[in-house]
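Derivation of every value follows stated rules applied to the coordinates shown; laboratory data play no part. Since this is a predicted model, take the numbers as computed values, not measurements. All Cβ positions, even for glycine, are placed from backbone atoms using ideal geometry, and neighbour counts span all protein chains on display.
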Amino acid sequence: MVVSFAAVFALPLLFAPLRWARAFRWEVGPDDRLALYFGRCLGAAALGLLFVIGRGVIDPALTPLALELAAVAGALLGAVHVAGAIQRVQPWTEDAEIVLYALATLGALALRFL
């Protein structure tokens, strides 16, 4: 899961955020500097989160923290996507991610507390 999320989201956002945006059906305007900056920032933050979550996979002492981090990140990202869906300001591909973030959050919580 960590590797696939890094490959599909984090690395493309870090190294090619506008190409990633177009692939996910976002319109990119003529002045794309802010989108480029925020895309790279989000990609870098995602890689940092994935590093800690990945460490939790291999180090049992870090597993609870990694699962809590995954749950919090999933819940917050899900909330951002729900807000975008309600406001109708994002493409359908982002609406579809709501289910993925909900499943990731619930899965992390289940593994952490069950």
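Excluding Pro17 itself, calculate the net charge of residues whose Cβ lies under 12 Å from the Cβ of Pro17, where each Lys or Arg counts +1 and each Asp or Glu counts -1.
Neighbour charge sum, excluding Pro17 itself: +3.
Using only the Cα atoms of segment 1-77, what semi-axes does the equivalent ellipsoid have when each is the square root of 5 times a gyration tensor eigenvalue? Give whole Å, largest first.
Computed over segment 1-77, the values are 28, 11, 10 Å.
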